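See below for the structure under consideration.
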Amino acid sequence: MYTVEKLEGNKYEIKIDLSKDEFEKFIEEAYETSKDKFSVQGFRKGKAPRKVIEKNYGANIFVDDALDLAFNRLYGQALDEHREIDPISSPEIKLDKFDDTGLTITAVVENMPEVKLGAYTGLEIEGAKGEVTEEKIEKEINQTRERQARFVPTDREARLGDFVEIDFVGSINGVKFDGGEAKNYRLELGSKSFIDNFEDQLVGMKKGETRTISVKFPDDYFAEDLKGKQAEFEVTLHEVEEKILPELNDEFASNVSEFETFEEYKADIKRHMEESLEAQLERENENKLLEKITSLAEVDVPKVMVEAQLDSYVKDMETRLSYSGIKMDEYLKHMNITLDQLRENNREHAEKTVKTRLVLEAIIKELKLSASQEEIMKKVEELASKYGKTADDYKKVLNEKQYIYFENEIIFDKLIKYLKENNTITK
């Protein structure tokens, strides 16, 4: 009832041929499956004969369902019996013939590409480098120090580093523009929050003073009507606050940490930074190893998989933007790009991601790596403990996709372990 033919471009054609009598069986099955949905006068629901339903609802009422049943069953049978076919997307389906003699359905499906693996053991990779320097430790401490700063009003002139409260009105050639006006705006001088040298021109102003300053919008400014334009802002300063930083001593340490002395606090900062750096270098080394292995393999990356990867990227980006209350259309407008340009900008990365995935899947297949039921259950128990639940309670909220995710995670961890043990990463 079906035939399979290999086509050019790593595609397969599955042709389904059914005679009138063969298709009749699927129509009967469609009737049996859906007869409970129809109400016919004189019959209890689900008891009306097929011919009566067809007379009341139309002679072809069960045809669409029968076509779905026939295709899904025979297409599935073809995939089960031809293991060389591993579809990477939904098939392109065409109804070639449908008449009194029977029907013909053609499905063309793109197959998983062949991966020619290069060497993935015995390689030497130069390890990522990094160091926790005194400068980095001081920078980390100073960030905490900045968060502990006090702001004290002062009558002196404004300096870089001060916070000021201002009103401003912007105009171009004497005409105000949208978004160029605000009242009681709090600004840190030197933060470069505003364009050009706006903040620098506020240095020296005092409380109650008004000053007109001139700035130029960047040529790549997101607002089309302001790009490269010269503008003037009338600024009134209401308040100057001096930032007072706490001294780096034992009192500071006890206020911001569990330690009583500054030396203990600093040593703990260093320890955490070293642990973080070690984990970061480990990830970088793993990525460098995977990049090397991928570069040595040959595979024709299918366009349909790249497009699917780009779809996933855009969807993930939309989700992340929504957490900040930003819509994708607003983001694209702000960045002055189209959705097509965004996808094109990320195409190379998507191709690289897909190729890496295909190569790793080929290695997993070659090594016959798998996850046992016991390993999956152990993973579930670990996560349940992490979230303060019993394993049984945690299982109740899991679905099939999550179990597949756990399985893939275990297999991937085994792969990374194998690759790190069978290659050399220099320190």
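Derivation of every value follows stated rules applied to the coordinates shown; laboratory data play no part. What you see is a predicted model, and the numbers here were worked out from it, not measured in a lab. Neighbour counts are summed over all protein chains in view; Cβ atoms, including those assigned to glycine, are modelled from backbone coordinates with ideal geometry.
Pull up all non-local amide H partners of Met205: gap of 5 or more, or a different chain, and H-to-H distance under 5 Å with H placed in the peptide plane.
Counting only residues 5 or more places away or on other chains, the set is Ala158.
Give me the number: length gained by fully extending Phe43 to Ser191, i.e. 0.36 nm times residue separation minus the C-alpha to C-alpha distance, one decimal in nm.
Answer, rounded to one decimal: 45.3 nm.
Largest first and in whole Å, give the semi-axes of the chain's equivalent ellipsoid, each being the square root of 5 times a Cα gyration tensor eigenvalue.
Each semi-axis is the square root of five times an eigenvalue, giving 61, 35, 25 Å.
When the helix-only estimate is applied to the chain (DSSP H runs of n ≥ 4, each -39,500 (n - 2.57), divided by the residue count), what is the mean residue ellipticity at 222 nm, nearest 500 deg cm²/dmol?
Rounded to the nearest 500, it is -15000 deg cm²/dmol.
Please give the length that would be gained between Asn399 and Asp64 if that part of the chain were fully extended, namely 0.36 nm times their separation in residues minus their C-alpha to C-alpha distance (nm, one decimal).
117.5 nm
How do Met305, Met377 line up, fewest other C-beta atoms within 10 Å first?
With the sparsest Cβ surroundings first, the list reads Met377, Met305.
How big is the gap, in Å, between the Cα center of segment 1-34 and the Cα center of segment 317-341?
A separation of 44 Å, based on Cα centres.
If you bin every alpha carbon distance in segment 128-221 into 10 Å steps from zero, what whole percent lands in each bin?
The calculated distribution, bin by bin, is 12, 37, 26, 17, 7, 1.
Among all the lysines, which ones have a C-alpha under 16 Å from Lys420's C-alpha, if same-chain residues fewer than 8 places away are not counted?
Partners found: Lys288, Lys292.
Using modelled backbone amide H atoms (1.01 Å from N, in-plane), which distant-in-sequence or interchain residues come within less than 5 Å of Glu181's amide H?
Gly170
Obtain the nm distance between the two label points defined at Lys288 and Val203 by a simple spin-label model: each point lies 7 Å from its Cα along the Cα-to-C-beta direction.
Taking the simple label geometry, Lys288 and Val203 are separated by 4.2 nm.
Once you keep just the Cα pairs under 8 angstrom separated by 6 or more residues, what percentage relative contact order results for the chain?
16
Using modelled backbone amide H atoms (1.01 Å from N, in-plane), which distant-in-sequence or interchain residues come within less than 5 Å of His238's amide H?
Counting only residues 5 or more places away or on other chains, the set is Glu165, Ile166, Asp167, Gly208.
Quick check on the exposure proxy: order Ser171, Ser370 from fewest to most C-beta atoms within 10 angstrom.
Ser370, Ser171
Which whole-angstrom value gives the distance between the alpha carbon centres of segment 175-207 and segment 375-407?
The distance from the Cα centre of segment 175-207 to that of segment 375-407 comes to 53 Å.
By counting other Cβ atoms within 10 Å of each Cβ, how are Lys15, Lys37 ranked from fewest to most?
Ascending number of Cβ neighbours within 10 Å: Lys37, Lys15.
So how many Lys-Lys pairs in segment 2-112 land under 21 Å Cα to Cα, not counting same-chain pairs under 8 apart?
Taking segment 2-112 as the scope, the lysine pair count is 26.
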